[in-house]
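S.K.: Got a structure here, written out as structure tokens. Questions coming.
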Amino acid sequence: MASTHHAFDYIELPVDGMAAARAFYADAFGWTFNDYGPGYTGIRAVAGDGEMGGLNGMSGGGAGGPGPLVLLYTDDLDATASAVQAAGGSIVDPPAEFPGGRRFTFTDPSGNQLGVWATS
């Protein structure tokens with residue numbers, strides 16, 4: 001699955017119980033998963049290779065918790081972080097490594113929280 005610079009690319013859903021969430025999405029939509037430990041599982045792309053999102057059991061999900069986290073892809077994570085700040089956004093979590101690349105999260109001037117990731 002090819003990623004496009006500055007396009008919506010991935011969505012993380014916060015969940016309270018990983019096993020229950022996996023069972024629900026597998027039964028309801030036929031989704032399959034890539035496990036990355038007890039607190040996170042990737043959602044395999046429905047058509048093709050790669051992943052379209054993830055279930056995040058470490059984010060305190062569920063009723064009243066944070067909503068889904070939309071992630072954009074970038075070819076240059078540091079340049080995008082600088083552009084977000086210059087445009088008036090606020091970095092919540094600075095660029096950091098994760099299995100598969102690096103990412104940061106930010107809020108826009110309206111308070112929406114999004115993430116940006118890159119392969120390196």
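Quick note: the coordinates plus some simple rules give every number you see, no bench work behind them. Note that the coordinates shown come from a computational prediction; the quantities given were computed from them, not determined experimentally. Here Cβ is always computed from backbone atoms with ideal geometry, including for glycine, and neighbour counts include all displayed protein chains.
S.K.: What is the sum of charges, Lys and Arg at +1 and Asp and Glu at -1, for the other residues whose Cβ falls under 15 Å from the Cβ of Pro66?
M.R.: Working: positive: none; negative: Glu12, Asp16, Asp93.
My count for the surroundings of Pro66 gives -3.
S.K.: Just to be sure I understand: with springs between alpha-carbon atoms less than 10 Å apart, which residue in Asp76, Asp49, Asp16 has the highest mean-square fluctuation in the Gaussian network model of the chain?
M.R.: Comparing Asp76, Asp49, Asp16 in a Gaussian network model of the chain, the most mobile one is Asp49.
S.K.: At what distance in nm do the modelled label points of Val92 and Ala47 sit from each other, each positioned 7 Å from its Cα along Cα→Cβ?
M.R.: The two pseudo-label positions are separated by 3.1 nm.
S.K.: For helix 77-86, report the angle its Cα long axis makes with the longest principal axis of the Cα atoms of the chain; keep it between 0 and 90° and round to the nearest 10°.
M.R.: Roughly 60 degrees between the two axes.
S.K.: Work from the charge dipole of the chain (Cβ charges, +1 for Lys and Arg, -1 for Asp and Glu, about the Cα centre) and give the residue of His6, Pro109, Ala87 farthest towards its positive end.
M.R.: Pro109
S.K.: Would you kindly state how much longer the chain becomes between Asp27 and Ser120 on full extension, computed as 0.36 nm times their sequence separation minus their alpha carbon distance, in nm to one decimal? Walk me through the numbers before you get to the answer.
M.R.: Working: separation 93, 0.36 × 93 = 33.48 nm, distance 3.45 nm.
Stretched out fully, the Asp27 to Ser120 stretch lengthens by 30.0 nm.
S.K.: Suppose every Lys and Arg Cβ carries +1 and every Asp and Glu Cβ carries -1, with no other charges. What dipole size does the chain come out with about its Cα centre, to the nearest 20 debye?
M.R.: Details: 4 positive and 13 negative charges, 34 e Å.
Roughly 160 debye for the chain.
S.K.: Report, in deg cm²/dmol and to the nearest 500, the calculated mean residue ellipticity at 222 nm for the chain, where each DSSP H run with n ≥ 4 adds -39500 (n - 2.57) and the sum is divided by the residue count.
M.R.: Details: 2 runs with 22 residues, N = 120.
Counting only the DSSP helices, I get -5500 deg cm²/dmol.
S.K.: Helix 18-29 versus the longest principal axis of the chain: what is the Cα-based angle in degrees, 0 to 90, to the nearest 10?
M.R.: With both axes taken from Cα atoms, the answer is about 80 degrees.
S.K.: Give the Cα extents of the chain along the principal axes, in whole Å, largest first.
M.R.: Computed over the Cα atoms, the extents are 44, 34, 22 Å.
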